[in-house]
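Novice: Please read through the structure below; I'll follow up with questions.
The values are calculated or read from the model by the stated rules, or taken from the named source; none is laboratory data. None of the values given here were measured: they were computed from a predicted structure. When we count neighbours, we look across all protein chains shown, and the Cβ atoms used for this are built from the backbone with ideal geometry, even at glycine.
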């Protein structure tokens with residue numbers, strides 16, 4: 001009986017699989033960290049938020065696919081506002097100053113960030129660019145992010161409102177395909193409604209799909225080309241920029 | 001594709017937290033990834049070894065815990081419950097607060113201090 005117990009013990013102790021599980025634990029320690037991966041970005045975003053609050057600026061972060069009509073929406077809105085609201089724009093693109101030039105042509109100051117290869121803006125880039133704008137004379141500041149519906153949702157830029165811009169040509173099921181973009185935003189602007197008859201899209205269904213992901217989305221249905229819905233969007237900006 | 005910069009951030013956080021163990025080898029890094037954090041887990045797993053190159057974290061295994069979207073409801077007693085969208089999974093109210101699923105968190109590291 002005693003030999004059987006000893007034998008069992010020896011068999012257990014020298015079983016290769018048991019040695020493998022016991023051995024690595026001897027010098028191993030576990031350190032709990034619980035640190036947000038983007039904590040540094042979030043910290044700078046918080047500085048920006050505080051700065052905006054102090055200066056009485058409403059910050060809006062525009063996200064959307066490349067070509068969704070973010071710049072055209074701003075151009076049409078600024079033309080409609082006709083100087084009634086002191087706006088400024090931080091433009092984010094991989095390359096070129098084209099969008100900065102387009103915005104400045106409407107009489108609104110703009111600064112361009114060229115990200116070179118990055119698919120999104122981060123808070124550090126935005127904070128640096130703000131020194132080029134006259135913040136004391138700005139009430140409403142747009143940050144037009146790089147065209148991308150995934151990466152841009154991860155980065156807080158210190159904005160008060162995250163605005164998602166989606167053109168009718170992108171299809172009515174876009175909100176269902178990119179839910180994280182819609183759970184990160186407060187405002188939805190549907191653009192290019194003048195194209196709806198040509199791209200076989202049901203705008204109401206598109207809106208319904210977006211609201212099924214985030215029922216609190218404030219929605220605007222616009223066309224920069226015809227001017228439809230631009231007044232409502234401009235009025236919203238006036239309301240939130242007190 | 002911003003997973004390489006995310007992976008680099010993770011490596012920096014690990015390095016900051018292993019300063020007391022300069023000779024230690026990092027066996028694994030556990031990261032919690034929210035399903036609505038905008039991160040593609042496969043791409044992150046692919047990028048992680050690249051971000052570890054030439055750092056003390058080289059050779060570490062990345063363990064990912066996927067955290068679903070969870071909300072608490074203002075209109076009914078639901079707290080910290082899993083959901084697919086920003087409404088209460090029980091009473092369908094839109095008045096919810098997200099409690100999990102939007103963040104990426106470096107949870108812990110396993111070090112070999114031999």
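Novice: Restricting to the range A:214-242, what's the tally of residues that are surrounded by 14 or more Cβ atoms within 10 Å (Cβ to Cβ), in contact with a helix residue (DSSP H, G or I) (Cβ under 9 Å, 6 or more places away or on another chain) and either at pLDDT below 95 or assigned to a loop (DSSP other than H, G, I, E, B) (or both)?
Specialist: Selection size over the range A:214-242: 8.
Novice: Another question, then. How many residues are farther than 28 Å from residue A:41 by Cα, out of contact with any strand residue (DSSP E or B) (no Cβ under 8 Å at 6 or more places or on another chain) and within 12 Å of chain A (Cβ to nearest Cβ) if we restrict to the range B:77-106?
Specialist: 2
Novice: Further question: Of all the residues that make up the range B:21-31, how many are more than 9 Å from every other protein chain (Cβ to nearest Cβ), surrounded by fewer than 23 Cβ atoms within 10 Å (Cβ to Cβ) and in contact with a strand residue (DSSP E or B) (Cβ under 9 Å, 6 or more places away or on another chain)?
Specialist: Residues in the range B:21-31 being more than 9 Å from every other protein chain (Cβ to nearest Cβ), surrounded by fewer than 23 Cβ atoms within 10 Å (Cβ to Cβ) and in contact with a strand residue (DSSP E or B) (Cβ under 9 Å, 6 or more places away or on another chain): 2 in total.
Novice: Pull up the range A:152-173, narrow it to residues that are in contact with a strand residue (DSSP E or B) (Cβ under 8 Å, 6 or more places away or on another chain) and surrounded by fewer than 22 Cβ atoms within 10 Å (Cβ to Cβ), then point me to the one that is farthest from residue A:59 (Cα to Cα).
Specialist: So the residue we want is A:162.
Novice: I would also like to ask the following. Does the range A:182-189 contain at least one residue that is more than 25 Å from residue B:98 (Cβ to Cβ) and at pLDDT 95 or above?
Specialist: no
Novice: Also, quick follow-up: Looking at (1) surrounded by 16 or more Cβ atoms within 10 Å (Cβ to Cβ); (2) at the interface with chain A (Cβ under 9 Å from one of its Cβ atoms); (3) in contact with a helix residue (DSSP H, G or I) (Cβ under 9 Å, 6 or more places away or on another chain), find the lone condition where residue B:18 falls short.
Specialist: (3)
Novice: Can you name every one of the strands (runs of 3 or more DSSP E) wholly within the range B:3-109 that holds 3 or more residues which are within 15 Å of the chain's Cα centre (by Cα)? Give the derivation first.
Specialist: Values: elements: B:25-34, B:61-67, B:70-73, B:96-100.
Strands (runs of 3 or more DSSP E) meeting the threshold: B:25-34, B:61-67.
Novice: When the range A:136-151 is examined, which residues are found to be in contact with a strand residue (DSSP E or B) (Cβ under 8 Å, 6 or more places away or on another chain) and outside any loop (DSSP other than H, G, I, E, B)?
Specialist: Listed by number, the residues that qualify are A:140, A:141, A:142, A:143, A:144, A:148.
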